[in-house]
Amino acid sequence: MSNYSSQSVKDFAKTVLKGFGCAESEAETVASHLVDANLTGHDSHGIGMLPLYGEQILDGNLVPNQTPLLHEPVGAISVVDARRGFGHRMALEALDHAMKCVPEHKVAILALRDSGHVSRVGTYSEYCAARGYVSLHMVNVVGHAPIVAPFGARESGFSTNPISMAMPVEGQARPLLDIATSTVAFGKVRVASNKGEKVPPGCLVDEQGLETLDPDPMAQSRIGALSAFGAHKGSGLGIFVELLAGALASTDTVATMEHLPHGVINNMFSIIIDPTAFDSREAVERRTMDFYDFIKTRQPAVGTESVLLPGETEQGNRQERSEHGIPVDDETVRQIVEIASRFSLSSEETAPLLIPVKR
Ligand code: NAD
């Protein structure tokens, strides 16, 4: 495990993406997204995704430089067919298209369909907040067998189905909630397996439906299942993400979508709201921050330093990792160099781009 400068991690990722066939601007967008996921501490959605993307391109299920199909909005509702393009770029273009409805309706609803992996969903809340909008995003995950056990089941029924939402305060997403509806994202199980670590309690069940801390059977052979967070409540939310992003906004849920080799397809259901439809921007921001500050004054539990709002861990990680570098384990680097070599990029063209930061 070494810490690498964020700029060098981005250069490394961008070179690999260009090797995959992405044009300069798409490689820039995707690499920026992945490195920012690493910076915020979500290594599960950072550059460690590149081997999967490479496999998907080789299988024909992820299309570099795709042009999304932007359907004419119906009222405030926009449908965008990503046609399996890189989700990081497709989602931003789809949000730009949907947001054109906001001046007239004060709200926009987006259905992004059949997209490549959109990765860290909080990115899209931040994108909307930077434009002054409140937003909610729900993403279902199809194209492979489900990996999360519904409450009470010994087998999987849906996937990690994340939700993100944020309020805009001075162009920042504050607070910013960004969660999988499983206790942990699948990528965190992969990262734990790559590092030879156990997962915390409450994350995984084995094939009997009993708790296990060993990430390897799930990470390497898909044996067992992730647990939904919060027992029946998180499980219920995961089911509704599937229904809103899949049954309503898209054409498939996990019950009907074919299983692809290395398949990870996302559908995203987003609601984007102009807060000025309710009150002045300043008044909404003031109430948001009054509540934010109120939460910050709550006495921490014994053993806890301070009460954090959603989004604070990401802010702290961004600052720390910008300064001290992004930790990337050797196995992840090896996997990325290996997939790049299958696109005719030699290890001399990729690995040396990573520049360690001395701590
Ligand atoms: P997580 O369990 O780390 O939870 C993250 C959320 O909890 C953030 O909002 C964070 O600010 C907040 N948080 C963390 N510690 C906190 C504390 N001490 N007090 C208060 N709030 C705290 O993340 P996760 O659920 O494992 O999800 C990780 C990432 O995976 C997310 O970025 C998500 O969008 C992404 N994801 C993507 C997909 C996809 O298919 N595209 C699928 C699943 C997850």
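The values are calculated or read from the model by the stated rules, or taken from the named source; none is laboratory data. Owing to the predicted nature of the structure, the values given are computational and were not obtained by experimental measurement. Using ideal geometry, Cβ is built from the backbone for each residue, glycine included, and neighbour counts are taken over all protein chains shown. For the accessible areas, the whole protein counts, side chains as well, though only heavy atoms, and no ligand, DNA or RNA atoms are used. Shrake-Rupley method; radii C 1.70, N 1.55, O 1.52, S 1.80 Å.
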Accessible area (Å², per residue) of the chain, counting only protein heavy atoms and a probe of 1.4 Å: 44 Å²
Dimensionless Rg over Rh [segment 1-88; C-alpha; Kirkwood]: 1.05
Under a crude label model (7 Å from the Cα following the beta-carbon direction), how far is Glu24 from Asp214 in nanometres? 5.1 nm
What distance in nm lies between label points placed 7 Å from Cα along the C-beta direction at Ser221 and Ile295? 4.2 nm
For Lys296, which aspartates and glutamates qualify as cross-link partners when the Cα separation must be under 12 Å and same-chain residues fewer than eight apart are set aside? Glu305, Glu312
So for segment 176-222, averaging the separation of alpha carbon pairs under 8 Å that are six or more residues apart and normalising by length, what relative contact order in percent results? 35 percent
Cα-only Rg/Rh for segment 138-253 with Kirkwood Rh rounds to 1.01
Potential lengthening between Asp329 and Ile77 on full extension [0.36 nm per residue; Cα-Cα distance subtracted]: 86.5 nm
When the chain is fully extended, how far beyond the present Cα-Cα distance does Leu308 get from Asp206, taking 0.36 nm per residue of separation? 33.5 nm
Could you tell me the calculated FRET efficiency between Arg342 and Leu92, based on Cβ-Cβ distance and R0 = 25 angstrom, to the nearest 0.05? 0.35
Hey, what do the phi angles of segment 150-161 turn into as Karplus ³J(HN,Hα) couplings, whole Hz, using 6.51/-1.76/1.60 and θ = phi - 60°, x for Gly and Pro? x, 3, x, 9, 9, 9, 6, x, 7, 10, 7, 4
Quick check: convex hull of the Cα atoms in segment 22-176, volume per residue, rounded to a whole Å³? 135 Å³
Among Val9, Val333, His137, which residue has its Cα furthest toward the positive end of the charge dipole of the chain, with +1 on Lys/Arg Cβ and -1 on Asp/Glu Cβ? His137
How do Met289, Met90 stack up against each other in accessible area, from largest to smallest, with a 1.4 angstrom probe? Met289, Met90
Convert each backbone phi in segment 194-202 into a coupling constant with the Karplus relation 6.51 cos²θ - 1.76 cosθ + 1.60 (shift: θ = phi - 60°), then list the ³J(HN,Hα) values in order as whole Hz, x for Gly and Pro. 4, 8, x, 9, 7, 9, x, x, x
Distance in nm between label sites at Gln172 and Thr276, each 7 Å beyond Cα in the beta-carbon direction? 2.2 nm
Quick one: compute the contact order of segment 16-143, relative version, from alpha carbon pairs under 8 angstrom and 6+ residues apart, as a percent. 20 percent
For the chain, the accessible surface attributable to carbon and sulfur atoms (probe 1.4 angstrom, ligands and nucleic acids excluded) amounts in percent to 55 percent
How many percent of Cα pairs in the chain exceed 38 Å? 14 percent
